[in-house]
Amino acid sequence: MEIWTVFIGLKLAVSLLELMSAVDFGGSVNGLKQEAEPIDALTGAGVSTEASMMKCALQGTTRLPALSEDGDFVIGGVFSIHHKLYTVIYNYTTKPEPPRCTGSLNSRVLRFFRTMIFAIEEINNSTELLPGIKLGYQIYDSCVSVPVAVHVAFQLSNGQDPVFYKDNNCSHYGMVMAVIGDSGSTPSISISRIIGSFNVPLVSPFATCACLSDKQQYPTFFRTIPSDQFQADALAKLVKHFGWTWIGAVRSDSDYGNNGMASFLDAAKREGICVEYSEAFFRTDPRSKIQRIANVIRRSTAMVIVAFTASGDMSVLLEELASAPSPPRQWIGSEGWITDPLLLSFSFCAGAIGVAIQQSVIPGLRDFLLDLSPTELAASSVLTEFWEDAFNCSLKTSEKVCDGTEDIKTLKNPYTETSQLRAANMVYKAVYAVAHAIHNAVCQKTNHTTQCDKHIRLETKQVFTELKKVNFSRNGYPVSFDANGDPVAFYELVNWQKSESEIIELVTVGYYDASLPKGQEFHINRNITWIEGGTKVPVSVCSESCPPGTRKVLQKGKPICCYDCIPCPEGEISNMTDSPDCFPCSSEFWPNAERDVCFPKPVEFLSFDEVLAIILATFSVIGSCLAIITGAIFFRHRATPIVRANNSELSFLLLFSLTLCFLCSLTFIGAPSEWSCMLRHTAFGIIFVLCISCVLGKTVVVLMAFKATLPGSNVMKWFGPPQQRITVVFFTFIQVLICTVWLVLSPPFPVKNLTTYKEKIILECALGSAVGFWAVLGYIGLLAVFCFVLAVLARKLPDNFNEAKLITFSMLIFCAVWITFIPAYFSSPGKFTVAVEIFAILASSFGLILCIFAPKCFIILFQPEKNSKKYLMNKN
């Protein structure tokens, strides 16, 4: 689109020149028409003796430079000294005049204009650079207008003489060696397209559009100011550095503003910055459009505004904003306006920050600028206008005549302001770059002396070729061009700060150096003053940052910078600000309450320092002590009938097994280990079988003892003490065999249970083989049921043989406990599973010892009269 726009502009310019001409261009080049003397049609001989001479005539109207000086080689200059194009409505009944500039004179650009002359005079007085050669100049005013710039480009290509003679090609006569300018990117594009066709280099101190780096379109374009691509990157990094993600954007509706803003928006997108609005305008737009843009700024929620504008455009916008109160805004400026001293008068922009061309020192420039003689003033209409505007007088006859008392040294305006030379140094370096290129083309160094040939026919192509290779330093500032004609990018970061006298001053607070490694280009080395004199960085975001522990969820239909903060789901965290996602903790970790850190999950097991474990351990010790005490009582009274009546050996073995039953519950308390897991289940299984085997033996003894009293019965000889021992050993051996197979094939092992609770780890013993576990329990249950059945059968024996009743109650309790244990075991979570096992062991053990041994101990201790053979044998 940009190429077609320029192309159409050029077409319009050519049409304008055609209208300005009384005749068609015909075979002319750049407005010149070649006219030959008549030639005889038959012989081919010229009618005139001058037939071989070609006469070139300028068909358009000559445009006079604002200031010029002859020289051996001439350099062109184009600056936007005025800011408006004088518009005329033509009726096409008379020959149109060339486009001309009007409006107020820009004294800052006049300083650039004069800086070029200063540099050329400095070179002409040099004995090292172009010795013996005088450089001339032709400087034009383009007033930031494409039609004027196009006309200037044709004029620089043609020369000043309306008619001249040349042997062959008219187009190169009077052509400048190079051109310095223009003040904007759009006019520079137009000029470069025209003069580039003739290999005339254009070295711009101001045109920053990144599009001009395209050597396919602009092969002869060079610049001493960095490309906007670097400026856009610097501005995006600046915005990102201060955490602004929600900004407004305004730009000049020109190649400078449109291309620069496009580069900035690309860079901002890469940095995650969102733009609330992007508005384009030009200084000549209707006021209604400027008002609309000002109202957009006033109503916006973005606190920060990035302005990629030219100085003249920015002045129009700020004047409109100053006309009505506006909320404070933080301005971020491009180099096109941020250093313009004329804009520092807008106090509501105090705190603005932006990128600027590096400050420089040009020795002797200030004295040159202040040394304006009456002769120089009279020789240039531009200088005359400047003088008359500055001192409000006239150098011509009028009511108030300049009387010669005016002192420019007392003048305070951008022309005399040389404390912060920035763009002026770009002009200075551009002139020296062209001079070095010409020097390398026409000068040779022999015997330590430099000889220059000012009579050489120097072609612009030679200057163009040498310009690509220049590499020098002037006043400590290097000058060179890369393959795209661009210099190394270096910017200063400047801040508008109010002084104690309430005057806004430009203060350098940092820099941006594109030659440094990535990530190190941007530096701030001084405090920044923000809007309304604040020292705290203003906040400009669409949504507040999401703290750690939350994630961003985009708001429907809005940019990515507008979002809601949603807490992370259970088990997930986000440990950084503005996290787009939450991520789960690893299996052994769990988030804290804020869900921003993963902590190791607490490990849970039934430890000895817990109240529940202490209670269970206490009952376990009490139970074992009770079994030992009972054993001691039985041993003390082992000769008494009540102890001897029912196989005292089985009684002692049962008490021993009960003691182990109570003590084995302790193995379930504490952190599971490989050995404790194997021990707790197998020891529990074997000991309980031993216990039930003893009870079973006692039950059988009761039954056999009753049958032995019947006449002719000899049952007891088949179930005496040896057979009882064998029975106990046999039943216990079967359980030992089951446990051995279990331990060999798939033993229990410690495991971290991560599934029962998400937020904690349960240390427990995995069964290894569930079949082995249930085989052990099933065998115990089988013996218990068998024992219970026998005890029920013996429950109606005579009262004195009440051992069967006691065993019945004990086995009823035992079976009830372990039947209840099964659902409780599966429904109890974590460490309570272990507590259920311990409770079942203790409850069944207490049931056995209390039901079987408590009544006997009571008789032994408190009713010794019943502890007699007579009482036991009494059947009444």
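The values are calculated or read from the model by the stated rules, or taken from the named source; none is laboratory data. The structure presented is a predicted model; accordingly, all values stated were derived computationally and were not measured. All Cβ positions, even for glycine, are placed from backbone atoms using ideal geometry, and neighbour counts span all protein chains on display.
Things worth noting here:
- When the stretch 833-876 is limited to residues that are of a type in the set (Phe, Trp, Tyr) and crowded, with 17+ Cβ neighbours inside 10 Å, the one that is modelled with the lowest pLDDT turns out to be Phe853.
- Criterion applied to Val148, Val152, Val74 was being assigned to a strand (DSSP E or B), modelled with pLDDT of 90 or more and not polar (S, T, N, Q), and the one residue passing it is Val74.
- Across the stretch 203-222, the number of residues qualifying as part of a loop (DSSP other than H, G, I, E, B) and either crowded, with 24+ Cβ neighbours inside 10 Å or modelled with pLDDT under 90 (or both) comes to 6.
- Any hit, the stretch 701-720, residues being in a helix (DSSP H, G or I), over 19 Å from Ile807 (Cβ atoms) and modelled with pLDDT of 75 or more: no
- Residue that is surrounded by the most Cβ atoms within 10 Å (Cβ to Cβ), among those in the stretch 496-530 that are among the polar types (S, T, N, Q) and in contact with a strand residue (DSSP E or B) (Cβ under 9 Å, 6 or more places away or on another chain): Gln497
- Those residues of the stretch 480-535 which are under 27 Å from Leu342 (Cα atoms), in a loop (DSSP other than H, G, I, E, B) and touching a Phe, Trp or Tyr at 6+ places or on another chain (Cβ under 7 Å), in sequence order: Ala489
- Checklist (1) at negative phi; (2) surrounded by 19 or more Cβ atoms within 10 Å (Cβ to Cβ); (3) not in a strand (DSSP E or B) applied to Ala280, failing item: (3)
- All positions within the stretch 397-443 that are polar (S, T, N, Q) and farther than 30 Å from Phe221 by Cβ: Thr397, Ser398, Thr405, Thr410, Asn413, Thr416, Ser419
- Residue within the stretch 270-287 that is more than 30 Å from Ile75 (Cβ to Cβ) and without any contact (Cβ under 8 Å) to a residue 12 or more places away in the chain present: yes
- Near pairs, Cβ below 9 angstrom, 6+ apart or cross-chain, from the stretch 499-526 (more than 22 Å from Gln229 (Cα to Cα)) to any residue that is in a loop (DSSP other than H, G, I, E, B) and β-branched (Val, Ile, Thr): Leu506/Ile338; Leu506/Thr339; Val507/Ile528; Val507/Thr529
- Single condition Asn484 does not satisfy, out of (1) surrounded by 19 or more Cβ atoms within 10 Å (Cβ to Cβ); (2) in contact with a helix residue (DSSP H, G or I) (Cβ under 6 Å, 6 or more places away or on another chain); (3) over 23 Å from Asn124 (Cβ atoms): (1)
- Test result for Glu388, modelled with pLDDT of 90 or more and surrounded by fewer than 21 Cβ atoms within 10 Å (Cβ to Cβ): no
- Test result for Ser373, touching a residue at least 24 places away in the same chain (Cβ under 8 Å) and surrounded by fewer than 16 Cβ atoms within 10 Å (Cβ to Cβ): no
- Hits in the stretch 636-676 - residues which are crowded, with 22+ Cβ neighbours inside 10 Å and either in contact with a Pro (Cβ under 6 Å, 6 or more places away or on another chain) or among the basic types (Lys, Arg) (or both): Pro672
- Any hit, the stretch 625-641, residues being among the small types (Gly, Ala, Ser), closer than 17 Å to Thr727 by Cα and modelled with pLDDT under 85: no
- Boolean, Gly260 is at pLDDT below 95 and buried (at least 18 other Cβ atoms within 10 Å of the Cβ): yes
- Considering Ala249, Ala232, the condition of being in contact with a helix residue (DSSP H, G or I) (Cβ under 7 Å, 6 or more places away or on another chain), crowded, with 24+ Cβ neighbours inside 10 Å and of a type in the set (A, V, I, L, M) is satisfied by Ala232 alone.
- Pairs linking a residue in the stretch 810-836 that is assigned to a helix (DSSP H, G or I) to a residue that is among the polar types (S, T, N, Q) and surrounded by 14 or more Cβ atoms within 10 Å (Cβ to Cβ), with Cβ atoms under 8 Å and 6 or more positions apart or on different chains, are Ile813/Ser844; Phe814/Ser844; Val817/Ser844; Trp818/Ser844; Tyr825/Thr833; Ala835/Ser828; Val836/Ser828.
- Of all residues in the stretch 606-633, those that are crowded, with 20+ Cβ neighbours inside 10 Å and in a loop (DSSP other than H, G, I, E, B) total 1.
- Here the helices (runs of 4 or more DSSP H) wholly within the stretch 300-405 that include at least 2 residues being over 51 Å from the mean Cα position of the chain (by Cα) are 374-379, 381-391.
- Apart from one condition, Thr416 fits all of (1) loosely packed, with under 15 Cβ neighbours inside 10 Å; (2) of a type outside the set (Lys, Arg); (3) not in a helix (DSSP H, G or I); the exception is (1).
- Test for Ile560: is it assigned to a helix (DSSP H, G or I) and β-branched (Val, Ile, Thr): no
- Some residue of the stretch 399-415 being within 30 Å of Leu129 (Cβ to Cβ) and of a type in the set (A, V, I, L, M): yes
- In the stretch 595-623, residue nearest to Thr667 (Cα to Cα) [restricted to those that are among the hydrophobic types (A, V, I, L, M, F, W, C) and under 41 Å from the mean Cα position of the chain (by Cα)]: Val603
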